[in-house]
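Please read the structure below before turning to the comments.
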């Protein structure tokens, strides 16, 4: 990976570029959620020690326009995600087939990068391919012990969190009468946050069945068809929570699934996806005092129907090798995914995507020493060499100063 990297804060021209990252996430959710849902008992190993993985994403943009249109590449096609970094997850970019020109943060606070392609267009009957590789290091972590007796009330939630995560932004349709009436009807007079969350989980598990599809649904659509996949059900829960004053947002991540190789076709064959040893998943993040942010997994965690608290205690991100990819706190990714589908189909453009995730041969904890990616070695080496040069120059200056001082004293 080469090229000068500039870091900027988000501005308006980033808005649609970021949706490219969200769009990929949505397609991955739609393409793999059913597999996750049906195979959870036989494919996963709990994360009990630090483990390291390599994720390689390859994307080809192909111009098959019947009208021989030119595909003008925008920031939408150049954007890639940089994942999250926190106390239990570290993600590095190992290699990229094109230089990274800029790094920014989107409206949801996620880091994204932009690749510098050699050309800004794809002529008819031609294509462009790029590849990005990440190293993902996951450490075991645990959730706090939760129970309804120790849960705080709605009044215990900080006002600043309510103002940020209970707004009528994004895809959650909080102003729709059907959503508001139902959220308050399920709530009743209850103010205990964990009890409220339990009620919403029970209602969704009892009324909404699992169904995968090409495009994400708005909460009202999920209610009307009484079905939805992982992010559809999570978004319905988020809508309920935000409506009654409980902060919530959507989180997306990838799960390591050894032995899996799965191909799926979307959008009338305009988006073709191959997933190898990886599945993509979405869940809600909900603020519950006094414990803070907790994952609520409605479609992957086992035993939720019999015990709603399992949606938290057995959430995939809490116990399995799951890399947190991005947060969705305010952007309406559903609207853009539909718009981008229309864009591809109307122009005859196609996207071929391959995701391959592999665990590194030796477990991270067994290594004698962890080898940083080449980019970071180069940076560290440059800093080290620069320090030596600066030190040498400083010593030389001191020597020269002392020498001339000695000469000056000799002539006094």
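The values are calculated or read from the model by the stated rules, or taken from the named source; none is laboratory data. All values reported here derive from a predicted model rather than from experimental measurement. Note that we place each Cβ from the backbone using ideal geometry, even for glycine, and neighbour counts take in every protein chain shown.
Values as computed for the structure displayed
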read-out: Which numbered condition residue 159 fails, given (1) farther than 19 Å from residue 325 by Cα; (2) out of contact with any helix residue (DSSP H, G or I) (no Cβ under 6 Å at 6 or more places or on another chain); (3) in contact (Cβ under 8 Å) with a residue 12 or more places away in the chain; value: (3)
read-out: Residue list for the range 277-294, filter: in contact (Cβ under 8 Å) with a residue 60 or more places away in the chain and buried (at least 17 other Cβ atoms within 10 Å of the Cβ); value: 277, 278, 279, 280, 281, 282, 286, 287, 288, 289, 291, 294
read-out: Residues (more than 21 Å from the chain's Cα centre (by Cα) and without any contact (Cβ under 8 Å) to a residue 60 or more places away in the chain) located in the range 212-240; value: 220, 221, 222, 223, 224, 225, 226, 227
read-out: Failed item, numbered, when residue 336 is tested on (1) modelled with pLDDT under 95; (2) within 29 Å of residue 139 (Cβ to Cβ); value: (2)
read-out: Odd one out for residue 74 among (1) closer than 24 Å to residue 357 by Cβ; (2) touching a residue at least 12 places away in the same chain (Cβ under 8 Å); value: (1)
read-out: Any chance residue 142 is modelled with pLDDT of 95 or more and not in a strand (DSSP E or B); value: no
read-out: Entirely in the range 146-255, the helices (runs of 4 or more DSSP H) that have 2 or more residues that are crowded, with 23+ Cβ neighbours inside 10 Å and at pLDDT below 95; value: 230-244
read-out: Any chance residue 267 is more than 19 Å from the chain's Cα centre (by Cα), within 27 Å of residue 54 (Cα to Cα) and at pLDDT below 95; value: no
read-out: Filter pass, residue 329 being surrounded by 18 or more Cβ atoms within 10 Å (Cβ to Cβ) and under 23 Å from residue 194 (Cα atoms); value: yes
read-out: Index of the failed condition, residue 9 passing every other in (1) at pLDDT below 80; (2) surrounded by 14 or more Cβ atoms within 10 Å (Cβ to Cβ); (3) assigned to a loop (DSSP other than H, G, I, E, B); value: (2)
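Here's the yes/no breakdown for (1) in contact with a strand residue (DSSP E or B) (Cβ under 9 Å, 6 or more places away or on another chain); (2) assigned to a loop (DSSP other than H, G, I, E, B); (3) at pLDDT 95 or above; (4) farther than 28 Å from residue 322 by Cα:
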position	(1), (2), (3), (4)
69	yes, yes, yes, yes
83	yes, yes, no, no
91	yes, no, yes, no
101	yes, no, no, yes
107	no, yes, no, no
125	yes, yes, yes, yes
